[in-house]
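Okay, structure first, notes after.
The values are calculated or read from the model by the stated rules, or taken from the named source; none is laboratory data. If you're wondering where the values come from, they're calculated on a predicted model, not measured in any experiment. Every residue, glycine as well, gets a Cβ built from its backbone with ideal geometry; the counts of neighbours run over all protein chains shown.
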Amino acid sequence: DGGITQSPKYLFRKEGQNVTLSCEQNLNHDAMYWYRQDPGQGLRLIYYSQIVNDFQKGDIAEGYSVSREKKESFPLTVTSAQKNPTAFYLCASGGGRDYEQYFGPGTRLTVT
Amino acid sequence: AQSVTQLDSQVPVFEEAPVELRCNYSSSVSVYLFWYVQYPNQGLQLLLKYLSGSTLVESINGFEAEFNKSQTSFHLRKPSVHISDTAEYFCAVSDPMFSGGYNKLIFGAGTRLAVHP
């Protein structure tokens, strides 16, 4: 089946620890995106990548980092510098011309 | 900058009643418009989209949305809702300022549709 996978579904970390969220797609999409979702705030763009080895900051990139070493993979690291990391994180990919983005199932991160 | 306003944060409705979820966007330039649905603790699924052509677009499960350029709106409607339609609905608009050939979407804050028996 073609699609986007995110792992794990739930993640718990202690404050001060870095944590990496996985995102893999087999849709052969060039573009990939990371969003953060908080109740009542919709989706906010953290980082996006149009092509391997290239990525751009979104609206709320502070405290996050990404890499794009393979077309299929776009992992997100939530660093200890992120002041309020507890949230639902969504990864998406897009083929470009139809403008549609395809979403993974999300990872719920809880930091205590 | 482009922005999207979903006028209702929550919409309660009884089963089999009609519903309208409102969405307005700020830009008057050509845009692409989307409605996504999110069930609890899941990712977003595309419900329908407007790229060009007929201003009325339909989904396979009975939802429809009408693009109104003069009012910069893209309201979502369903004539008769089911319990299974209970979910959060997000309106999204393509960002006309985004360059590089790949689309950036701007999302509204979401509308929680609660269908009661």
Here the residues within region A:20-52 that are β-branched (Val, Ile, Thr) and either without any contact (Cβ under 8 Å) to a residue 24 or more places away in the chain or out of contact with any strand residue (DSSP E or B) (no Cβ under 9 Å at 6 or more places or on another chain) (or both) are A:Ile51, A:Val52
Filtering region B:1-26 down to residues that are of a type in the set (Phe, Trp, Tyr) and surrounded by 17 or more Cβ atoms within 10 Å (Cβ to Cβ) yields B:Tyr25
Scanning region B:27-49 for residues that are more than 7 Å from chain A (Cβ to nearest Cβ) and among the hydroxyl-bearing types (Ser, Thr, Tyr), the one surrounded by the most Cβ atoms within 10 Å (Cβ to Cβ) turns out to be B:Tyr36
> Quick one: would you say B:Ala17 is in a strand (DSSP E or B) and away from every other protein chain (no Cβ under 12 Å)?
Replying inline: no
Is it the case that some residue within region A:53-63 is of a type outside the set (Lys, Arg), within 11 Å of chain B (Cβ to nearest Cβ) and in a strand (DSSP E or B)? yes
The correct count of residues that are in a strand (DSSP E or B), more than 22 Å from B:Leu44 (Cα to Cα) and not small (Gly, Ala, Ser) in region A:65-109 is 1
Going through region B:50-66 in order, the residues found to be away from chain A (no Cβ under 14 Å) and not in a loop (DSSP other than H, G, I, E, B) are B:Leu56, B:Glu58, B:Glu64, B:Ala65, B:Glu66
Exercise. Do we have any residue at all in region A:33-41 that's touching a His at 6+ places or on another chain (Cβ under 6 Å) and closer than 21 Å to B:Tyr39 by Cα?
Worked result: no
Looking across region A:77-92 at residues that are in contact (Cβ under 8 Å) with a residue 60 or more places away in the chain and surrounded by fewer than 18 Cβ atoms within 10 Å (Cβ to Cβ), the single one that is nearest to A:Gly63 (Cα to Cα) is A:Thr79
Of the residues in region A:84-99, those that are out of contact with any Phe, Trp or Tyr (no Cβ under 7 Å at 6 or more places or on another chain) and either at pLDDT below 90 or within 9 Å of chain B (Cβ to nearest Cβ) (or both) come to A:Phe88, A:Gly95, A:Arg97, A:Asp98
The one condition B:Ser80 fails out of (1) touching a Ser or Thr at 6+ places or on another chain (Cβ under 6 Å); (2) assigned to a loop (DSSP other than H, G, I, E, B); (3) not hydrophobic (A, V, I, L, M, F, W, C) is (1)
Of (1) closer than 18 Å to B:Val93 by Cα; (2) of a type in the set (Phe, Trp, Tyr); (3) more than 13 Å from the chain's Cα centre (by Cα), A:Tyr102 fails just (3)
message = Looking at region B:54-69, can you tell me whether even one residue there is surrounded by fewer than 16 Cβ atoms within 10 Å (Cβ to Cβ), within 13 Å of B:Tyr25 (Cβ to Cβ) and not hydrophobic (A, V, I, L, M, F, W, C)?
response = yes
